[in-house]
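Undergrad: Dropping a structure here in structure tokens format, bear with me for questions.
Where a number appears in this text, it was derived from the coordinates with a stated rule and is not lab data. The model shown is predicted, which means the values in this text are computed figures rather than measured ones. Glycine gets a Cβ as well: all are built from the backbone with ideal geometry, and neighbour counts include every protein chain shown.
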Amino acid sequence: MRTILKLGLAGACLAGVAVATAHAGSVAPMDVKFTDNGVEASLTGAAGDAAKGRAVFSNRKLGNCLACHVNAEQKEHSFHGEVGPPLDGVADRYSEAELRAIVIDSKKALTEETLMPGFYSLKLGARIHKKFADKTILTAEQVEDVVAYLATLKE
Ligand code: HEC
């Protein structure tokens, strides 16, 4: 009985290590797999948090999505840009895998000419601020949170 208990504990510890490693090993920007359906696998291996994604969406230092997109679900913010299409009901138009692909790298997912930055791409274009030169704008976790939030935008 005692031995079984000990073995059980050892197993639980090992499981803990595996989870931590998987988290640290989020898919790197260069290794993201695009298919015709978008990017199907979560970058972190886990589902995102829509409430956190909602905050990333409107944070000017992170997603800053409102600078270019109208989103009726975030009425509390007064300024919504119109460079891109309104995102109302966007989850009716795109699957989660497609939304993930658009947020990761809109140049690959939509069109090479788009003004929308790739939020998990190292190719941000010539006019990007130096501090982003070797970084992605969002972390893998923030991308997943934004995708989870976008998936709630249904009409
Ligand atoms: C600098 C402006 C800009 C920013 C910032 C921006 N986008 Fe976009 N986005 C666009 C444009 C422009 C398009 C349309 C694609 C094109 O260029 O033809 C687009 C398209 C999209 C689409 C597809 C919508 C549709 O109906 O086809 C989604 C989804 C999207 N953006 C999500 C986001 C999210 C989420 C963020 C923030 C993390 C964001 N965008 C930030 C400009 C922007």
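Undergrad: Could you pull out the GluC sites (Glu not before Pro) across the stretch 41-117 that fall in loop regions by DSSP (anything but H, G, I, E, B) with no more than 10 other Cβ atoms inside 10 Å?
TA: Glu76, Glu82, Glu112, Glu113
Undergrad: Next question, about the same structure. Given a Förster distance of 22 angstrom, what is the FRET efficiency for Lys135 paired with Glu82, based on the Cβ-Cβ distance and rounded to 0.05? Could you put the intermediate results ahead of the total?
TA: On the way: r = 28 Å, r/R0 = 1.28.
After rounding, the FRET efficiency stands at 0.20.
Undergrad: Here is a follow-up. Which value in nm describes the separation of the simple spin-label points at Asp92 and Asp31, placed 7 Å from the Cα toward the beta carbon?
TA: A separation of 3.9 nm, rounded to one decimal place.
Undergrad: Apply the Karplus parameterisation 6.51 cos²θ - 1.76 cosθ + 1.60, with θ equal to phi minus 60°, to every residue of the stretch 110-119 and state each ³J(HN,Hα) to the nearest whole Hz, in sequence, with x for glycine and proline.
TA: Karplus-based 3J(HN,Hα) across the stretch 110-119 equals 10, 8, 4, 8, 4, 7, 6, x, x, 7 Hz.
Undergrad: Distance check, please: which entries in Lys75/Lys154; Lys61/Lys107; Lys75/Lys108; Lys33/Lys108; Lys107/Lys154; Lys61/Lys135 exceed 19 angstrom between their Cα atoms?
TA: Working: Lys75/Lys154 16 Å; Lys61/Lys107 21 Å; Lys75/Lys108 30 Å; Lys33/Lys108 11 Å; Lys107/Lys154 24 Å; Lys61/Lys135 14 Å.
From the list (Lys75/Lys154; Lys61/Lys107; Lys75/Lys108; Lys33/Lys108; Lys107/Lys154; Lys61/Lys135), the Cα-Cα distance tops 19 Å for Lys61/Lys107; Lys75/Lys108; Lys107/Lys154.
Undergrad: While we're looking at this one, here's another question. So what J values fall out for the stretch 64-78 if you push phi through Karplus, 6.51 cos²θ - 1.76 cosθ + 1.60 with θ = phi - 60°, rounded to Hz, Gly and Pro as x?
TA: Karplus values, whole Hz, x for Gly and Pro: 6, 5, 5, 4, 10, 10, 6, 8, 4, 5, 10, 4, 5, 8, 7.
Undergrad: Right, something else. Can you pull the Rg over Rh of the stretch 27-150, Cα-only, Kirkwood?
TA: 0.93
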